[in-house]
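One structure is given here, and the rest of the page talks about it.
The values are calculated or read from the model by the stated rules, or taken from the named source; none is laboratory data. Because the structure is a prediction, the values reported are computed rather than measured. Please note: Cβ atoms are built from the backbone with ideal geometry, for glycine as well, and neighbour counts cover all protein chains shown. Protein only, heavy atoms only, side chains kept; ligands, DNA and RNA dropped before computing areas. Shrake-Rupley method; radii C 1.70, N 1.55, O 1.52, S 1.80 Å.
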Amino acid sequence: MRREENIERLIRRLHFKAGRRMHKRTLNDVLAAQQEAKRAKAAAKGVNIHKICTKSLITKLAVAAMIAMAASLGAYILFGPHGRTDTKEPKGTDVAIEKTVTNNSHLAFEPEVRPEAASVDVELKNIESMFAAGDVEGLVAVLSKGQFESKVAAANYLAKMEAVEALEALKQLSAEYESAANSFAAAVESIENQIKAEQGASEAATATGETDTSTQLLAATDSAAEGTVADSSDDPGGRRKVSADLEDDEEERELKERTEILSGTVVDERGNPLADVRVCASYAHYGRTDPNGEFALVISPTDGSNSMGSADFPMYVWAYMEDDPYRVAWTLIRHPDTHRSQEEEAVVEETHQGVELVIEDEDELNRNVPSDPGELFEDSNRGPSVRDIVLVMGRAGVLAGRVTDALGQPIANATVLIDEMEIQLGANRLIISELDHEWKAEAVAVTDGDGYYGLGNLPVSWAEIKLKAEADGYRTDEQEFENDGRNTVEGCDFQLAEEEAEDDSSEK
Amino acid sequence: MIEDELLKLRFKYGSREALRRIYEKYENYLLTLAITLLSDVTVAEDVVHDVFVSFAKSTENFRLRGRLKSYLATCVINRVRDQIRANRRRPAGLDDADLIRSDSNGPDELVMCSEELHQVNNAIARLPHRQREVIILRLKAGMKFKEIAKLQGVSLSTIQGRYRYGLSKLRSLLDGEVKK
């Protein structure tokens, strides 16, 4: 008799591989389609050498200088020395062309100069993608280098992103272009307002380790120093808004998406924020903490978890530093509505991604979940978010061992991954499974040349871990290990049998 | 994960290599999805083909914040549904001959992994389409019951029912096969 679970597992392992003919045919068609799409696009817009040239800054400047020189030469011929324009001014090349052109609009260069508009197009497109990628630095760079239109666009985006970093640059521009309908000033104002608002909010909020960082920042920034601290401590807030804004922009998307955000801080045992810590959650994009120990992870409904709806609870979130396998910070986030269910016995909460929580005793659970799981906010526009998570770094367990073949020879580059991990929380159990390559790749170790591996950053309360060892040309092996109270187990060795020729491994 | 983000960006700017990589990375996954949903290898290949071709054409208008893999999976799922609806094709059971097992260097056919999986696949092909869809979307595409319910336009409990019935039908099919 087969059990249903067994069948589920089998189906998960079912893989087809494209035949060579299909592979080639499709790939060719796909590449051809791309080519054609590009061509169609180019044809629609008119093939434009300038557009291509202007993609690179150097050629762009070169072309601009050429045009400017040629134009001024033309101007010189036509008008004599008075028509000269200054091409030496470093930033002025673009401006210079415009000036020359307006002065000499009857010159043959006129159609040549049209591409200037195209180059703005390109810049605007770049700016848009920078905005989409949250690239504040890039946008700030545009503020100093770009053409006027680009600057305005960048300023508007930066205002939307509430990018405090850009404040100085924006202020300068706002002074420089005082007369022009001043979007720079507007941007400055909007960012400053935001800072004020968030300052108010964050004053009431955490005081965790903000003192030492704030002094640094005070030194680093001048007028808006206090605001900066308030804002950067709420940096995830900024990102949150970016993604929310993006949603408005992308109406034509095929998938209706909402974006959930997990945000919080990682601190050490004494409460000092930890920078550059990697943070992972069952459904989220990976992230890192900033210098203030803050992180924000985006969970888009179509992320690698294959989840196409909103995030599920309970959710396992953990953080670690790559160079230290003996420390980890983690917590368990549950939906607030599920917390009050003491009456029943052995409640099971489960997500479709393999996090399962068996609750025997609610109080004990609350006592035993480390760190602060934060608070859930439901916002009808943005989707839910979990804020103010505080992950406290603590000790971790490590599994280490060696992978060899049947003869005892080491196998290098074998992967050892956690297939399932059971964590004991008082009388309750938390089972995390489906720790596969696809999206929880953090629970994977690779053997070195001598076949050794180490898997670290395991919560110390782990009770049982099932490991899976895989290597090309060998049969996959699974073993279960129990925590004997020392949290770290050495000698988790695997001996892999060679694979028979016809049994092509189904796992990648 | 980061690779996908980069691929998306490079693809958006028309990179041929990025597109090739995306194709190679997800071809088998999507094909598996399509075959298990359709139980017709040829049609499944066409579906994957078409999905990628229209994906390739989207180059400059391409804007996607979500994950590439799920996006492509959704495209396949939708196209499979279109196929089934348009052709009113009652997906035919898989001919055993369709699934020639061979090693990965085999010239021109699909590769199945083991006898057991082969049987599973044949059993899936014998499920009524609705049950099969629920099972595949849940297990291979990782969708939630709630989402599947929305897609099929029926209630959550119906979906869960279909899933359960589907699985137990599979079980009896497989057990029957073992006895044979």
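Within segment A:136-155, the set of residues being modelled with pLDDT of 70 or more and open to solvent by 60 Å² or more (accessible area, probe 1.4 Å) comprises A:E137, A:S144, A:K145.
When residues of segment B:13-42 are filtered for being within 7 Å of chain A (Cβ to nearest Cβ), on the phi < 0 side of the Ramachandran plot and open to solvent by less than 40 Å² (accessible area, probe 1.4 Å), how many remain? Full working, then the answer.
Step one: list which residues in segment B:13-42 are within 7 Å of chain A (Cβ to nearest Cβ), which gives B:14, B:16, B:19-20, B:23, B:27-28, B:31-32, B:35-36.
Then keep just the ones that are on the phi < 0 side of the Ramachandran plot; that gives B:16, B:19-20, B:23, B:27-28, B:31-32, B:35-36.
Now drop any that are not open to solvent by less than 40 Å² (accessible area, probe 1.4 Å), which leaves B:19, B:23, B:27, B:31-32, B:35-36.
Adding up the residues that qualify gives 7.
The single condition among (1) of a type outside the set (D, E); (2) at negative phi; (3) modelled with pLDDT under 85; (4) not in a strand (DSSP E or B) that A:L407 does not satisfy is (3).
In the set (1) part of a loop (DSSP other than H, G, I, E, B); (2) at pLDDT 80 or above, the condition left unmet by A:E364 is number (1). Taking the conditions (1) more than 14 Å from chain B (Cβ to nearest Cβ); (2) at pLDDT below 80; (3) assigned to a loop (DSSP other than H, G, I, E, B) in turn, A:P325 satisfies each one other than (2). Per this entry, B:R164 is not counted among residues that are facing chain A (nearest Cβ under 10 Å), part of a helix (DSSP H, G or I), in contact with a Lys or Arg (Cβ under 8 Å, 6 or more places away or on another chain) and open to solvent by 60 Å² or more (accessible area, probe 1.4 Å).
Considering every residue within segment B:71-83, establish whether at least one is more than 19 Å from the chain's Cα centre (by Cα), at pLDDT 75 or above and open to solvent by 10 Å² or more (accessible area, probe 1.4 Å). Among the residues of segment B:71-83, not one is more than 19 Å from the chain's Cα centre (by Cα), at pLDDT 75 or above and open to solvent by 10 Å² or more (accessible area, probe 1.4 Å), which makes the answer no.
In segment B:35-49, what residues are among the hydrophobic types (A, V, I, L, M, F, W, C) and at pLDDT 90 or above?
Of all residues in segment B:35-49, those among the hydrophobic types (A, V, I, L, M, F, W, C) come to B:35, B:37-38, B:41, B:43-44, B:47-48.
Result: B:V47, B:V48.
Each row is one residue, and each column tells you yes or no for (1) touching a Gly at 6+ places or on another chain (Cβ under 9 Å); (2) at the interface with chain B (Cβ under 7 Å from one of its Cβ atoms); (3) open to solvent by less than 100 Å² (accessible area, probe 1.4 Å); (4) within 18 Å of B:F52 (Cβ to Cβ).
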{"residue": "A:R3", "(1), (2), (3), (4)": "no, no, no, no"}
{"residue": "A:I7", "(1), (2), (3), (4)": "no, yes, yes, no"}
{"residue": "A:L10", "(1), (2), (3), (4)": "no, yes, yes, no"}
{"residue": "A:T26", "(1), (2), (3), (4)": "no, yes, yes, yes"}
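Being buried (at least 18 other Cβ atoms within 10 Å of the Cβ) and of a type in the set (K, R) is the filter here; which residues of segment A:383-416 pass it? Selection gives A:R387, A:R402. Selection of strands (runs of 3 or more DSSP E) fully inside segment A:417-508 by the criterion of at least 2 residues being touching a His at 6+ places or on another chain (Cβ under 9 Å), exposed (fewer than 15 other Cβ atoms within 10 Å of the Cβ) and modelled with pLDDT of 85 or more returns nothing.
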